[in-house]
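Taking it in order: structure first as structure tokens, then the write-up.
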Amino acid sequence: LAELVEGLVGPPGVASGIRDLAEKMSREELTFKITEQIINGKFGVMDAREAAEQAMRTALAILTEGITAAPIQGIAKVEIKTNPDRSKYLAIYYAGPIRSAGGTEQALTIIVGDHIRRLLKLDHYKPTEDEVGRFIEEVRLFERSIARFQCHISDEELRRAIQQIPVEVTGTESDPVEVSSFRNLPRIETNNVRGGALRVVNDGIVG
């Protein structure tokens, strides 16, 4: 696993770090410890955004034991963005293939994201009403036009999740289907559905 993770996503030197910790910790504990070491610069100095993205990809590779494409293709990028009150927060951009990770791994990526957010001393993501409405619209559009999710989640449950998840779960467009109501929002770069993000919240977190 150690060699696989380093070869798949890096950073250089992480294999020995994984081997050192693997005998003493569970896979989940190991994931959080390696995340801390990456953010703290043990494997090389990076800026905050770069360190956050590296930590996220390495964490996902450890959680999925390096056997799926999720760490490379499932996360498009990680960004540090700005809330309406000018505070900074973490945004994780999921791509469609995140579904190759199971629901537990999907949910854990959000928990790892929150861990990274805390280590970098970033604020919570503070969604606007339009952004909450947009996410719900996308879930319903996806169910109607593209595919079913593993679980059917109510609007109220989705609203509560989006308002409380401390990082922004967003993503690249996954299908050529556009929303009609909540369009052209400043912090959402596409009017198309973001299938990876929808799956992570609907099936991974709430489901």
> Which of E156, E29, E173 moves most in a GNM of the chain, Cα contacts under 10 Å?
Replying inline: E156
> For D20, D203, what's the largest-to-smallest order of accessible area, 1.4 Å probe?
Replying inline: D20, D203
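Among DSSP beta bridges lying fully in the chain, give the percent that are antiparallel, nearest 5. Spell out each step's value before the answer.
Working: 8 of 12 bridges.
Here the antiparallel bridges make up roughly 65 percent for the chain.
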> What are the ³J(HN,Hα) values, in whole Hz, obtained from phi via the Karplus relation 6.51 cos²θ - 1.76 cosθ + 1.60 with θ = phi - 60°, for each residue of segment 12-27 in sequence order, with x given for Gly and Pro?
Replying inline: x, x, 6, 4, 5, x, 5, 4, 4, 8, 4, 6, 9, 9, 6, 4
> Cα axis of helix 48-63 to longest principal axis of the chain: angle in degrees, 0 to 90, nearest 10?
Replying inline: 80 degrees
> What is the log10 of I(q)/I(0) for segment 149-207, computed with the Debye formula using one identical point scatterer on each Cα and no solvent, at q = 0.20, 0.21, 0.23 Å⁻¹?
Replying inline: -0.83, -0.91, -1.07
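For the chain, report the accessible area per residue in Å² (1.4 Å probe, heavy atoms, rounded to an integer). Walk me through the intermediate numbers first.
Details: 9440 Å² over 207 residues.
Per residue, the chain has 46 Å² of solvent-accessible surface.
Which entries of K24/K88; K24/K77; K33/K88; K24/K81 show an alpha-carbon separation above 26 angstrom in the structure shown?
Details: K24/K88 35 Å; K24/K77 31 Å; K33/K88 24 Å; K24/K81 36 Å.
The pairs that break the limit, which is 26 Å between Cα atoms, are K24/K88; K24/K77; K24/K81.
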> For the chain, with equal point scatterers placed on the C-alpha atoms only and solvent neglected, what are the log10 I(q)/I(0) values from the Debye formula at q = 0.14, 0.16 1/Å, to two decimals?
Replying inline: -0.78, -1.00
> What is the set of long-range amide H partners of G171 at a cut-off below 5 Å, with H atoms built 1.01 Å from backbone N?
Replying inline: Y94
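The values are calculated or read from the model by the stated rules, or taken from the named source; none is laboratory data. In this text the structure is predicted, and so the values were computed from the model without any measurement. Keep in mind that these areas ignore ligands, DNA and RNA; they rest on the heavy atoms of the full protein, side chains included. Shrake-Rupley method; radii C 1.70, N 1.55, O 1.52, S 1.80 Å.
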